[in-house]
Amino acid sequence: MKKTNHPPVEYSEYLQLDKILTAQKRLSLNTEQPAHDESLFIIIHQVYELWFKEILIELKSIIKILSQEYVLETQMYIVVNRMKRILEIQRILIQQIKVLETMTPLDFLEFRDLISPASGFQSAQFREIENRLGLSRGSRAKLNETSYETLLHPEERDKILDSENSPSLLFSLEKWLERNPFVYRNDFQFAQEYQKVALEGIDRDRKIVSVNSRLSDSEKKKELLKIEVIKKNIESLSSKEVYDQSKELHQRKMSYEATLGALFISIYDDYSINHLPHKLIIQLVELDESMTTWRYRHALLALRMIGQRIGTGGTSGYDYLRMTLEKHKVFQDLATLSTYLIPRIERPLLPQSLESDMGFRKSFL
Ligand code: HEM
């Protein structure tokens, strides 16, 4: 970095600690019984909000990179590193709940009524994270008749609605996967070649179950039904029309082309050109898992602190929070890719022309 003439800066000045360290105003100080634990409650929420801010900075930069027409490998490296950063922050967010759990429900009751109707439900940054990840309005857990933004501070509402209408990570990922240049080619039709091999595997599985003398007739029937479901899943990849017809049934969010793009990366994950894209797919599955883990830990925290009471934000409390666990997942399509995987040894051989375009060279060492 070029050195420019700037006045020397002190630690506390640079970090603006005068603002941060004087921003903990306990409401219970104005009552007859100041609540000791209110400081912890305020600080932990502030720490969360700071980490939410950092997650948003990283998320927005990742979306920007993936939205480019061409994403160079050097930029994929940056994407994967920044995703790793988000995952590490999420790990801290989950662990941090334990610090708050050192407060007992009675400690909380000492100041709970004073903070109503404030609730994490009104965290604009949390909503922005959900929107930037790609959680759509229609997928959100139903909250009476009101929508989530009505409870936000009016000054924050427009910004959050804007984030809902901006390209999300899911959207930019989908467009990027759709551009996978190795899926549609004259020398190799991935969808068709894959189908052949995958359906042969299904036939084999069927035979194995049918001749298994250890299974009773009803157990065989159950196993064969499971295999039929997997077969239907694989068949749904045969064409865009079939895929689109079953999109609703399988609750898929990604397009046919993007799913094939992701499947190609996952099946040929050992080809060096796929290393970083495959890592990103795994990271996105982890991101969803971490969000779900945080949601679950937070729901348990709420149950422990307030039992079955309604939340200060006016939802049903624990029951509402439990509902978000499944409904608010964003990258489930990537997690369920495993349904379609085939063993490496059985995957269709790539023609040399394609291998060479993928930059694959045999090693002679
Ligand atoms: C004593 C501790 C806590 C309790 C009892 C609690 C309880 C609740 C409840 C009941 C809700 C549902 C909305 C409502 O009706 O209020 C909620 C939502 C929420 N809380 Fe907490 N919470 C606690 C701590 C935290 C902390 C430390 C954070 C960190 C930022 C947080 C963030 C959130 C967020 C983001 C939501 C919205 C979740 C969603 O809509 O999916 N909460 N909380």
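The values are calculated or read from the model by the stated rules, or taken from the named source; none is laboratory data. Nothing here was measured: the structure is a model prediction, and the numbers come from that model. Backbone-built Cβ (ideal geometry, glycine too); neighbour counts: all protein chains shown. Surface areas here come from the heavy atoms of the whole protein model, side chains and all, with no ligands, DNA or RNA. Shrake-Rupley method; radii C 1.70, N 1.55, O 1.52, S 1.80 Å.
Details
- On inspection, G201 does not qualify as touching a residue at least 60 places away in the same chain (Cβ under 8 Å), of a type in the set (G, A, S) and surrounded by 19 or more Cβ atoms within 10 Å (Cβ to Cβ).
- Of all the numbered requirements in (1) touching a residue at least 24 places away in the same chain (Cβ under 8 Å); (2) away from the ligand (no atom under 16 Å from the Cβ); (3) not acidic (D, E), Y48 misses one, and that requirement is (2).
- Scanning the stretch 298-315 for residues that are over 19 Å from R127 (Cβ atoms), open to solvent by 30 Å² or more (accessible area, probe 1.4 Å) and not hydrophobic (A, V, I, L, M, F, W, C), we see that the one that is farthest from the ligand (Cβ to nearest atom) is Q308.
- Filter result for L276 (touching a Phe, Trp or Tyr at 6+ places or on another chain (Cβ under 8 Å), open to solvent by 30 Å² or more (accessible area, probe 1.4 Å), part of a helix (DSSP H, G or I) and within 30 Å of T104 (Cβ to Cβ)): no
- Residue list for the stretch 316-340, filter: more than 7 Å from the ligand (Cβ to nearest atom) and part of a loop (DSSP other than H, G, I, E, B): S316, K329, V330, F331
- Scope the stretch 94-128; condition more than 8 Å from the ligand (Cβ to nearest atom), assigned to a loop (DSSP other than H, G, I, E, B) and either free of Cβ contacts under 8 Å to residues at least 40 places away in the same chain or out of contact with any Ser or Thr (no Cβ under 8 Å at 6 or more places or on another chain) (or both); matching residues: E101, T102, T104
- For the stretch 129-146, a residue qualifies if it is loosely packed, with under 14 Cβ neighbours inside 10 Å, within 12 Å of the ligand (Cβ to nearest atom) and on the phi < 0 side of the Ramachandran plot, and the qualifying residues are K142, T146.
- Scanning the stretch 54-77 for residues that are exposed (fewer than 14 other Cβ atoms within 10 Å of the Cβ) and in contact with a helix residue (DSSP H, G or I) (Cβ under 7 Å, 6 or more places away or on another chain) turns up E54, S61, E73, Y77.
- Residue in the stretch 51-70 that is nearest to the ligand (Cβ to nearest atom), counting only those that are charged (D, E, K, R) and closer than 16 Å to E88 by Cβ: K53
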